[in-house]
Amino acid sequence: AHGGLKGVIGFDGFLSVVAPADDAGRDDAEAIWRAVCGDQDSLSYCEFLAALLPISEDVFLDVQPGSSLADSTPAAVRQSSDGSSGSGFSMDPGHHVPSAWDPSLPIEAYLPLLVSGERKVATFDEDRTVSEVVRAMSEFHFRWAIVHYAHGPSKFFDYMDISHYLVRASKGIGAKKVSEAAARVGSMSVGELANNSGHSRYVPQPASAPLGDVLHLITETRAAEVTGPPVPVRRVPIVDERGSVLHVFSCLDFLKLATRFPAPTAVLKSRSARAFDRRESMMSLSVMESDSMLNAFSIMDSANLTICPATCRKLSGDLGGVVAMNVVSVADLKWVFNSGEYGILDESVSSFTAWRAKVAECSINHRIRE
């Protein structure tokens, strides 16, 4: 597939890799090509690799229904001052789901397609420490949590809030002092930190709200209630008449729903994969492996992104962009807080990713032994 050396690969090159001299596999290969390419006549190098590589497990996905969360979740997760954290959507066996895509229907009509059985929502009181919350989120694979306040509306808390605090606290003291800021933040109350990054406002919607209204809320960046930059709504709590959270709707939920119905699926198929190609911005959104972790957090914080490619400039250029050697994420902070090895945050990106691999391997081995 020599076309891949120029950043793209054509259909013939794709077939030579996916179904070389295999008539039986040609039909499957053509189906993959149509699904990935749509109307375009070539794939970028990254799109080609994405079509070939198997889907890997996302260790940061929220805990799935049917897990042991209901029985083993710490009280900090299950209970809050108003008792709402133990709530979740419980599917009514007699509930009939829509047979066609209709955004004017209430979102509660679509919830059975998103949740099977009962799903817990991670909720914490404002006085819990950040370390406590991160440990619970890490154990049950939550990427975010809801923080309840005794006086005031609830807020979302996620790893972006920790990253934002570290970037802000490290200004003027240098990259070698990030560990000191991290040690401090671990003992802070989660209420002090929740949504300090402005990553997502907490805007609950009733279960009777039309699905279309919820989708508009996610796609539109509304102005903040106070002076400052616009604050997006990345996830929407769906609440019952008592205010208890039934489900937290996100853009991933939209994709789950859309692919179940012919009309939105056809719209998605009409868009080529190239619509999501952002190679022109990769240089500004990536960090060199020799850079500091503070620089990586600063890039993610300024771009409001949760991940940052770690690149090697020597291997980038002629392939049509940059070559990502690794990826760092704000969610990697869970390894730091769980281990207490804050000093690793003062090191380079390459040192951090090597350390992360060792810690993750030890965690996997520990789970296997259990």
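Going by the structure shown, is S281 free of Cβ contacts under 8 Å to residues at least 40 places away in the same chain and among the polar types (S, T, N, Q)?
yes
Restricting to region 85-132, and then to whatever is among the polar types (S, T, N, Q) and under 30 Å from R184 (Cβ atoms), can you tell me which residue is modelled with the lowest pLDDT?
Only one residue tops the list, namely S85.
Just name the residue that is nearest to the chain's Cα centre (by Cα) out of those in region 152-178 that are more than 21 Å from R128 (Cα to Cα), in contact (Cβ under 8 Å) with a residue 60 or more places away in the chain and in a helix (DSSP H, G or I).
Out of the qualifying residues, it is V167.
If you take the residues in region 112-128 that are in contact (Cβ under 8 Å) with a residue 60 or more places away in the chain, open to solvent by 40 Å² or more (accessible area, probe 1.4 Å) and farther than 18 Å from P204 by Cβ, which one is nearest to the chain's Cα centre (by Cα)?
Among those that are in contact (Cβ under 8 Å) with a residue 60 or more places away in the chain, open to solvent by 40 Å² or more (accessible area, probe 1.4 Å) and farther than 18 Å from P204 by Cβ, it is R128.
Does A182 count as of a type outside the set (K, R), in contact (Cβ under 8 Å) with a residue 40 or more places away in the chain, open to solvent by less than 20 Å² (accessible area, probe 1.4 Å) and over 22 Å from R143 (Cα atoms)?
It is false that A182 is of a type outside the set (K, R), in contact (Cβ under 8 Å) with a residue 40 or more places away in the chain, open to solvent by less than 20 Å² (accessible area, probe 1.4 Å) and over 22 Å from R143 (Cα atoms).
Any residue in region 100-111 that is assigned to a loop (DSSP other than H, G, I, E, B) sitting within a Cβ distance under 8 Å of a residue that is of a type in the set (F, W, Y)? List the pairs, counting only those 6 or more apart or interchain.
So the pair list comes out as A100/F261; W101/F261.
When the residues of region 133-157 are filtered to those that are among the charged types (D, E, K, R) and either open to solvent by less than 10 Å² (accessible area, probe 1.4 Å) or at pLDDT below 95 (or both), which remaining residue is nearest to P237 (Cα to Cα)?
Only one residue tops the list, namely R143.
Of the numbered conditions (1) closer than 30 Å to S42 by Cβ; (2) touching a Leu at 6+ places or on another chain (Cβ under 9 Å), F249 satisfies every one except a single condition; which is it?
Condition not satisfied by F249: (1).
The values are calculated or read from the model by the stated rules, or taken from the named source; none is laboratory data. Note that this is a predicted model, so its numbers are computed, not measured. Note that each Cβ is placed from the backbone with ideal geometry, even for glycine, and that neighbours are counted across all protein chains shown. When the accessible area is computed, the model is the full protein with side chains, heavy atoms only, and any ligands, DNA or RNA have been set aside. Shrake-Rupley method; radii C 1.70, N 1.55, O 1.52, S 1.80 Å.
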